[in-house]
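Enquirer: Encoded as structure tokens, here's the structure I'll be asking about.
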Amino acid sequence: MTDQMPLVIFTPSGKRGRFPLGTPVLTAARQLGVDLDSVCGGRGICSKCQVSPSYGDFSKHGVRVADDALSPVNAVEERYDRLRGLKPGRRLGCQATIQGDVVIDVPPESQVHKQVVRKEATARAITMDPATRLCLVQVEEPDMHEPSGDFERLQKALSAQWGIEGLTAPLPVLSRLQPILRKGNWQVTVAIHHDHTGAAPRLIDLWPGFHDGALYGLAIDLGSTTIAAHLCDLVSGEVRASAGIMNPQIRFGEDLMSRVSYVMMNPGGDREMTAAVRQALNDLAASLAAEAGIDARAIVEASFVCNPVMHHLLLGIDPVELGQAPFALATSSSLSLDAAELDLTAVNPAARIYILPCIAGHVGADAAAVALSEEPYRSEDLVLIVDVGTNAEILLGNKERVLACSSPTGPAFEGAQISSGQRAAPGAIERVQIDPETKEPRFRVIGCDLWSDDSGFAAATATTGVTGICGSGIIEAVAEMRMAGLVDASGLIGAAGQTGTSRMEPEGRTQSYLLYDGSADGGPRITVTQGDIRAIQLAKSALYAGARLLMDEMGVDKVDRVVLAGAFGAHISPKHAMVLGMIPDAPLDRVMSAGNAAGTGARIALCNLAARTEIEQVVGRIHKVETAVEPRFQEHFIAANALPHATDPFPELAKVVSLPNPSFNTGGDGAAAGRRRRRRG
């Protein structure tokens with residue numbers, strides 16, 4: 001720590017800066033442009049500036065946060081907590097002051113521009129065969145001459161009337177049986193869960209008399225950065241509500257290995273992260289039930305897909321073994337659990353949880369869900385499926401053979417580690433075009449269908465403003481800069497004299513491109529810097545190298561089609577992905593989006609028992625390729641640093657895009673370059 005200027009790091013934005021001792025957290029957030037709400041002028045009344053400080057060692061950020069990094073809780077906070085309540089660990093940003101290096105998470109409810117989680121449910125025909133169903137049953141009344149328990153007579157009635165044998169019941173449900181039987185005059189509606197493994201059927205809930213209320217399930221895609229959930233009707237399959245939140249674990253590390261490192265350096269860190277994500281899941285379930293206008297007790301099932309580190313942290317398993325070779329999972333099999341085992345209290349107390357199987361150490365249940373959704377194992381042609389997030393899952397195969405790997409792309413595609421980057425929220429630039437002649441940009445922001453040069457754009461964005469650039473925006477910006485000749489094949493940005501536009505601005509020894517200047521109205525200046533391009537190069541190189549490694553293993557130089565899955569696939573054009581070299585060359589009309597394939601796989605597993613059996617069998621046939629120990633991965637990674645690639649000619653891309661070939665290797669402005677040449681002479 002610099003003596004009187006502690007380092008303050010805000011998550012999930014990743015923005016950081018040094019501030020004098022005693023600076024209020026809210027002040028630091030405002031100076032850095034962090035999205036932290038406040039409407040009471042810092043008087044501790046509105047509570048909208050709540051933040052969650054984190055303590056311990058953060059190797060990712062290079063800081064150690066001491067217990068006294070913030071000022072002690074003051075009288076204003078104590079009064080607010082006493083009258084209205086603060087969640088454990090929360091502080092009021094207007095009252096807490098900075099006393100040392102600190103990592104501060106801004107929870108979703110404290111953000112002015114709420115996160116837009118782009119993992120919407122994709123329309124999909126699913127054969128409905130859910131595990132939990134309602135049955136109306138008439139139970140015999142007790143008879144002193146034929147003594148038996150009420151539960152045993154319920155078992156007998158279900159056997160006779162529905163052919164359901166060997167019913168079991170958890171104790172909390174069993175304790176409610178007698179009054180409900182009598183209230184219904186010995187007729188009850190029961191919710192019965194049939195496991196796909198053939199295990200004994202299980203009583204989930206019961207109601208007196210005839211009950212025709214719907215049963216619901218949650219399909220949850222638990223990602224490193226975002227958690228997306230879909231509330232599904234278990235009879236019709238209809239998605240009644242969808243929502244997403246930032247994964248609160250992001251304050252412990254943006255990528256998976258940072259979180260594993262946090263556990264290694266902070267005893268009990270895994271328990272912290274497990275508690276954080278389980279609370280987030282409860283909040284998400286409660287908000288979905290409220291949005292759909294249903295009783296949370298009607299949520300009787302949930303299916304989960306997640307990568308291996310998130311899988312272990314959800315289950316409360318220490319993930320340290322996943323951070324070192326041979327990357328051993330505690331278990332790779334599917335799991336069927338009680339909601340109570342995961343502390344899920346915002347659903348039916350007896351709800352059942354199904355977690356899809358993991359493929360291998362770094363290829364998890366999310367990749368299995370993508371396979372279930374896209375079915376490469378049934379494909380006649382060779383298909384490459386890329387599901388991009390903070391960690392990319394890649395599948396390559398056909399009905400003969402399927403390969404899988406994961407690739408550590410990092411959070412750049414999510415807008416993190418980008419100078420003007422932010423998460424997807426209203427006001428964030430999401431689409432970019434640059435005129436190759438004038439070098440002038442136009443863009444669109446989330447929440448507005450107009451382009452920035454359309455009449456009415458300023459009025460349409462008056463509420464949100466233009467606040468930053470999200471992952472899809474930075475990807476398109478870099479690709480457009482390459483197509484406009486503002487960036488050379490090595491990824492170097494040219495100077496104003498080299499590119500012919502005054503939008504190029506010197507930034508130290510490098511250049512940046514001014515995309516938007518809102519400073520006249522108190523808004524941000526949004527630029528694409530050399531560091532931004534390097535971050536995208538590293539991310540896309542990891543993605544390409546993983547795909548190419550699978551192609552090597554398959555013994556092929558090209559694929560028949562490419563499927564882009566997840567938020568990336570839904571919001572990035574194939575042309576921009578190809579210009580960057582994010583994916584191997586392929587005909588652009590054979591590159592398509594699958595939407596949120598992992599979420600779709602979770603919904604299929606939720607709604608169809610046979611699908612659970614199918615994916616468990618398929619996972620056993622998928623061959624995992626380990627990128628972390630494969631020497632060719634590094635070779636492909638280095639070659640893929642170029643835009644689009646150093647050695648791959650990309651002939652299909654060349655048919656539709658003619659990339660200029662400037663060279664800015666001199667760096668800086670032309671005069672400086674001339675001086676360097678004269679000195680060398």
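The values are calculated or read from the model by the stated rules, or taken from the named source; none is laboratory data. Everything numeric in this text was worked out from a predicted model, so none of it was measured. Using ideal geometry, Cβ is built from the backbone for each residue, glycine included, and neighbour counts are taken over all protein chains shown. Just the protein is used for accessible areas: all its heavy atoms, side chains included, with ligands, DNA and RNA removed. Shrake-Rupley method; radii C 1.70, N 1.55, O 1.52, S 1.80 Å.
Enquirer: Send over a whole-number figure in Å² for the accessible area per residue of region 124-169, probe 1.4 Å.
Expert: Numbers: 2820 Å² over 46 residues.
With the other protein chains kept in place, region 124-169 gives 61 Å² per residue.
Enquirer: Further question: Based on the mean of other Cβ atoms within 10 Å per residue, sort peptides 574-586, 310-322 so the most packed one is first.
Expert: Values: 574-586: 23.3, 310-322: 21.6.
Order by mean packing, descending: 574-586, 310-322.
Enquirer: Pop out the Kirkwood hydrodynamic radius of region 432-513 from its pairwise C-alpha distances, inverse of mean 1/r, in Å to one decimal.
Expert: 13.8 Å
Enquirer: Among 348-357, 650-659, 366-375, what's the highest-first ranking by average C-beta atoms within 10 angstrom per residue?
Expert: 366-375, 348-357, 650-659
Enquirer: Which percentage, to the nearest 5, of the DSSP beta bridges contained in the chain is antiparallel?
Expert: 70 percent
Enquirer: Can you work out the base-10 log of I(q)/I(0) for region 71-210 at q = 0.17, 0.22 1/Å, using the Debye formula on its C-alpha atoms alone?
Expert: -0.90, -1.34
Enquirer: Once the Cα atoms of helix 530-554 and of the chain are each reduced to a long axis, what angle between those two axes, in degrees from 0 to 90 to the nearest 10, is obtained?
Expert: The angle comes out at about 60 degrees.
Enquirer: Right, another one. Could you order peptides 54-65, 483-494 by the average number of other Cβ atoms within 10 Å of their residues, highest first? Each step should come with its number before you reach the end.
Expert: Values: 54-65: 18.2, 483-494: 21.4.
Put in order of decreasing packing, that is 483-494, 54-65.
Enquirer: Considering just Cα atoms, how many Å³ per residue does the convex hull of region 307-389 enclose?
Expert: Output value, Cα hull per residue: 121 Å³.
Enquirer: What percentages make up the Cα-Cα pair-distance distribution of region 60-113 when the bins are 10 Å wide from 0?
Expert: 20, 48, 29, 3
Enquirer: Region 506-527 to region 420-466: how many Å between their Cα centroids?
Expert: Each part's Cα centre sits 15 Å from the other's.
Enquirer: Can you tell me the equivalent ellipsoid semi-axes for the chain? Use √(5λ) from the Cα gyration tensor, largest first, whole Å.
Expert: Semi-axes (√(5λ), whole Å): 48, 32, 22.
Enquirer: Across all directions of projection, what mean area in square nanometres is found for the Cα convex hull of region 474-543? Spell out each step's value before the answer.
Expert: Values: hull surface 20.5 nm².
That works out to 5.1 nm².
Enquirer: Would you mind calculating the relative contact order of the chain from Cα pairs under 8 angstrom and at least 6 residues apart, reporting the percent as a whole number?
Expert: Values: 1527 pairs, mean separation 84.4, N = 681.
Taking the mean separation of contacting Cα pairs over the length of the chain, I get 12 percent.
Enquirer: Is any residue of region 22-58 close enough, with backbone N under 20 Å, to a label point placed 7 angstrom from the Cα of R64 along the Cα-Cβ axis, and if so, which?
Expert: Counting backbone N atoms under 20 Å from the label point, the list is 53-58.
Enquirer: How much area per residue is accessible in region 45-105 when the probe is 1.4 Å and only protein heavy atoms are counted (Å²)?
Expert: Using a 1.4 Å probe on heavy atoms only, each residue of region 45-105 averages 46 Å².
Enquirer: A further question on this structure: Per residue, how much accessible surface does region 285-397 expose to a 1.4 Å probe? Answer in Å², no decimals.
Expert: 27 Å²
Enquirer: Calculate what fraction, in whole %, of the accessible area of region 293-433 sits on carbon and sulfur atoms when a 1.4 Å probe is rolled over the protein chains.
Expert: Answer for region 293-433 is 45 percent, counting heavy atoms of protein chains only.
Enquirer: Using Cα atoms only, what is the angle between the long axis of helix 609-619 and the major principal axis of the chain, expressed in degrees (0 to 90) to the nearest 10?
Expert: 50 degrees
Enquirer: By how many degrees, 0 to 90 and rounded to 10, does the Cα axis of helix 670-680 deviate from the longest principal axis of the chain?
Expert: The answer is roughly 70 degrees.
Enquirer: Among the DSSP beta bridges whose two residues both lie in region 403-504, what percent are antiparallel, rounded to the nearest 5?
Expert: 65 percent
Enquirer: What does the helix-only formula give at 222 nm for the chain: each DSSP H stretch with n ≥ 4 adding -39500 (n - 2.57), the total divided by the residues, and the result rounded to the nearest 500 deg cm²/dmol? Write down the numbers at each step before the final one.
Expert: Values: 20 runs with 198 residues, N = 681.
Taken over the chain, the calculation gives -8500 deg cm²/dmol.
Enquirer: Could I ask something else about it? Roughly speaking, to the nearest percent, how much of region 118-271's 1.4 Å accessible area is carbon and sulfur?
Expert: 54 percent
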